[in-house]
1. Given the convex hull of the Cα atoms of region A:115-166, what is a quarter of its surface area in nm²?
2. Please give me the summed charge of the neighbours of B:Thr153: other residues whose Cβ is under 9 Å from its Cβ, Lys and Arg +1, Asp and Glu -1.
3. Of all alpha-carbon pairs in region B:2-90, indicate the percentage at a distance above 24 angstrom.
4. Are there trypsin sites (Lys or Arg not before Pro) in region B:1-82 that DSSP marks as loop and that have at most 16 other Cβ atoms within 10 Å, and which are they?
5. Tally Lys/Arg at +1 and Asp/Glu at -1 over every other residue whose Cβ is under 15 Å from the Cβ of A:Thr115; what's the total?
6. Going down the list A:Lys59/A:Lys143; A:Lys59/A:Lys205; A:Lys164/A:Lys205; A:Lys164/B:Lys173, which pairs span over 26 Å between their C-alpha atoms?
Amino acid sequence: MAERFEDILSECIDRVLQGESVEQCLARYPEQAGELEPLLRTAVAAREASAVESRPEFKAQVRYQIHSRLSAGGRKTAQKGMPVLGWVPRWAVVVAVMFLVILLAGSSTVAASSTSMPDDTLYPVKLATENVRLRLNRTNMGKARLHVALVDRRIQEIAYLARKGDAERVERIASRLAAHLDAVRRLIELEAGKPGRQQAISDLKELLEERVRSNEALLLQLGEGNGSSSGMVNRILERYRQGWQRVLGLAGGSNG
Amino acid sequence: MQREEDTVRRAQRRDPEAFGQLYEEHFDRIYRYIVLRVRNQADAEDLTQQVFLKALEHIGSYHYRGMPFASWLFRIAHNQVVDHWKKKSREKVKLLTQDEMAEAGALSDDDPAALAEQKLGWEQLAAACEQLSDGQREVISLRFAGGLSVAETAKVMGKREGAVKVLQHVALKKLRLILRPGDGGANG
């Protein structure tokens, strides 16, 4: 009996991680539903929490190292660290790689990457470009506006991946989406205490509300019509709503 | 599976495109597994880098023989993590006390849907995993951070699938209690 429950739990976890909703799984095993539900919700929370992203420039850096070693005919340089960059401090490598990706790849590559999707080769370039834009932006409100624009991109990517049924990547992008929302909230919080910023905050609030309407409509439509991925999309929609509500609450607006 | 086998064979012949494909496919999962095990993003970056450089160095010695490529790669990652903690233990790693665990963010129990509604961060999850046994922690890390199937997890851990399922069950029950301390396991 115990073995059987563990098989059921395992099967349900696999289904939920593939995008089926917890409720759909529970409906398959009504007798075990009481015991299954808390465990499945814990499993979902663990999966979402562990979908942490590495820095795109770090990923590009390791890719470059591997490529260099392969190009060098597989000479063993493992003990010597980075074959070309040598013992350069970590921060310098990161900055150098980030700018190399963007500058040396050429503006046409960067432009092409802006429409790339998470399963495209150019996607890391897109993320690196976004990071540079955020770093170069000097003001908190400017950064917040950029994060809002990036939320739109993440939603488009989630929609694209959900249509393809790529649950793993959807989770990853959903984490990035949540990070953008958190960043907007923190930046508004920083600005709210300063005199004369109310108009700018109010403008940002309007922009947020406008985006919420169109993005929610897209996710709702996707959640309704996307078969096995609907549970996953609806979970993300819920998290998205909570994120926006936190931001709008801070901005002093309705929780639209 | 056949496609992956072909890709691995080409990577063994040091085809950059093939190795690049394997890298893209497994990088994020390896990184997430490591970050959960070492609880530090800078260390996780160093170890992830080492995993792929070791994989590149030793890919010639990989043979299918029932072990999927992901399991082979995760075994390298597992060994890196073990070595990391051995080194750290020499530096006297400070274990988390109960109070620090609470501070790290055990979720409140006043809301029945707490886990669904409060966003659990990876730091909280990693801190909670510290209270699990080695085997339970490994299963949670491989299954949920690494995204491995039960069969793949079993290969990495050198255990039977049934044993992995049991560990997974117990680990989830325990995690739920750690993350929602007031629950008392009424549903579990």
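1. Numbers: hull surface 14.2 nm².
Taking a quarter of the hull surface, the average projection is 3.6 nm².
2. My count for the surroundings of B:Thr153 gives 0.
3. Working: 797 of 3916 pairs.
For region B:2-90, the share of Cα pairs beyond 24 Å comes to 20 percent.
4. Working: sites: B:Arg3, B:Arg9, B:Arg10, B:Arg13, B:Arg14, B:Arg29, B:Arg32, B:Arg37, B:Arg39, B:Lys54, B:Arg65, B:Arg75; in loops: B:Arg13, B:Arg14, B:Arg39, B:Arg65.
In loop regions of region B:1-82 (DSSP not H, G, I, E or B), the sparsely surrounded trypsin sites (Lys or Arg not before Pro) are B:Arg13, B:Arg14, B:Arg65.
5. Taking every other residue near A:Thr115 into account, the sum is -2.
6. Values: A:Lys59/A:Lys143 24 Å; A:Lys59/A:Lys205 34 Å; A:Lys164/A:Lys205 33 Å; A:Lys164/B:Lys173 33 Å.
Long pairs (Cα-Cα over 26 Å): A:Lys59/A:Lys205; A:Lys164/A:Lys205; A:Lys164/B:Lys173.
Each value in this text was obtained by applying a stated rule to the coordinates, not by laboratory testing. It should be emphasised that the depicted structure is a prediction, and the values quoted were computed from it without experimental measurement. Note: ideal-geometry Cβ built from the backbone for every residue, glycine included; neighbour counts use all protein chains shown.
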